[in-house]
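Reviewing the structure listed below.
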């Protein structure tokens with residue numbers, strides 16, 4: 001159980017541990033510690049010689065990690081983005097020595113379930129949406145000052161919201177008379193501005209996703225983190241990435257494909273595949289949650305796990 005009695009169920013847990021191919025005395029990093037579900041499973045597979053570092057921007061996650069670190073000397077936690085993973089690795093002299101890294105992208109269940117964080121359109125709370133509420137601009141602050149065109153672009157690009165222009169216009173018109181400060185205000189505005197409702201999906205789903213991704217620069221940080229993670233791995237080390245929507249998974253899939261392909265040479269060049277200097281190899285195919293997991297945790301329905309192994 002997490003704070004306020006809310007349970008966090010790590011997705012694709014067994015598949016992730018298997019994909020990382022844990023070495024008992026190895027060195028591991030959980031770049032998105034959350035509430036420690038995946039990290040604890042990795043620690044359970046390590047010997048007394050193994051070690052693990054957790055990273056997270058969320059101060060509530062850091063509290064959980066600090067408690068775990070006090071209880072398990074093999075574990076340490078650091079408050080930072082996985083986009084600065086290389087700094088954390090360099091400080092510990094782990095560059096090229098890490099046996100496995102996990103990145104579980106996006107918002108966690110506790111962040112969605114706690115109204116005060118402002119991530120959920122189903123719960124009334126301040127319109128915040130920051131992974132670290134002590135840094136950067138909140139969603140409310142951004143919506144109060146952004147140009148209509150910028151809001152539209154974010155909604156269409158990061159939320160794939162077909163009614164982005166209508167919603168952006170409604171936001172700008174509304175803020176002229178009263179600021180948007182709560183999640184339910186924004187959710188009601190989006191619902192009113194949307195011409196029709198998708199089956200089994202609240203009209204505000206895409207808008208909240210888009211604003212959250214923008215506020216936290218999630219796609220930019222993911223792009224930065226992937227190369228840093230591969231660089232940090234030892235030869236034979238593995239990187240496992242869990243994504244939850246097509247924008248994230250597209251970035252991961254393309255990066256893995258390009259790095260596994262190697263040098264971008266014309267097809268007529270007389271070289272073999274291994275001579276193209278691929279840096280990684282793909283481990284199996286993309287993995288999705290089983291029917292049994294979906295029955296226990298419906299939030300796993302969009303999760304996709306991809307695993308690669310470093311070659312050189």
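The values are calculated or read from the model by the stated rules, or taken from the named source; none is laboratory data. Bear in mind the structure is a predicted one, so any value in this text is a computation, not a measurement. Note that each Cβ is placed from the backbone with ideal geometry, even for glycine, and that neighbours are counted across all protein chains shown.
Before moving on, here are some points about what is shown:
- In the condition set (1) free of Cβ contacts under 8 Å to residues at least 24 places away in the same chain; (2) in contact with a strand residue (DSSP E or B) (Cβ under 6 Å, 6 or more places away or on another chain), residue 90 is compliant with all but (2).
- Residue 263 passes every criterion in (1) more than 13 Å from the chain's Cα centre (by Cα); (2) at pLDDT 95 or above apart from (2).
- From the list 116, 141, 135, the lone residue that is within 17 Å of residue 217 (Cβ to Cβ) and assigned to a helix (DSSP H, G or I) is 141.
- Some residue of segment 111-127 being crowded, with 21+ Cβ neighbours inside 10 Å, modelled with pLDDT of 95 or more and at negative phi: yes
- Residue within segment 124-132 that is without any contact (Cβ under 8 Å) to a residue 60 or more places away in the chain, outside any loop (DSSP other than H, G, I, E, B), under 27 Å from residue 201 (Cα atoms) and touching a helix residue (DSSP H, G or I) at 6+ places or on another chain (Cβ under 9 Å) present: yes
- Condition met for residue 204 (touching a helix residue (DSSP H, G or I) at 6+ places or on another chain (Cβ under 6 Å) and under 19 Å from residue 152 (Cα atoms)): yes
- Conditions (1) buried (at least 21 other Cβ atoms within 10 Å of the Cβ); (2) over 12 Å from the mean Cα position of the chain (by Cα): number failed by residue 202: (1)
- When restricted to residues that are modelled with pLDDT of 95 or more and more than 30 Å from residue 112 (Cα to Cα), segment 266-310 contains 7.
- Which numbered condition residue 59 misses (of (1) buried (at least 17 other Cβ atoms within 10 Å of the Cβ); (2) in contact with a strand residue (DSSP E or B) (Cβ under 9 Å, 6 or more places away or on another chain); (3) touching a residue at least 60 places away in the same chain (Cβ under 8 Å)): (1)
- Helices (runs of 4 or more DSSP H) fully within segment 1-100 that include at least 2 residues being closer than 26 Å to residue 113 by Cα: 13-20, 37-44, 59-71.
- Considering segment 155-235, the qualifying helices (runs of 4 or more DSSP H), each wholly inside and each with 3 or more residues that are farther than 27 Å from residue 55 by Cβ, run over 164-175, 183-193, 205-216.
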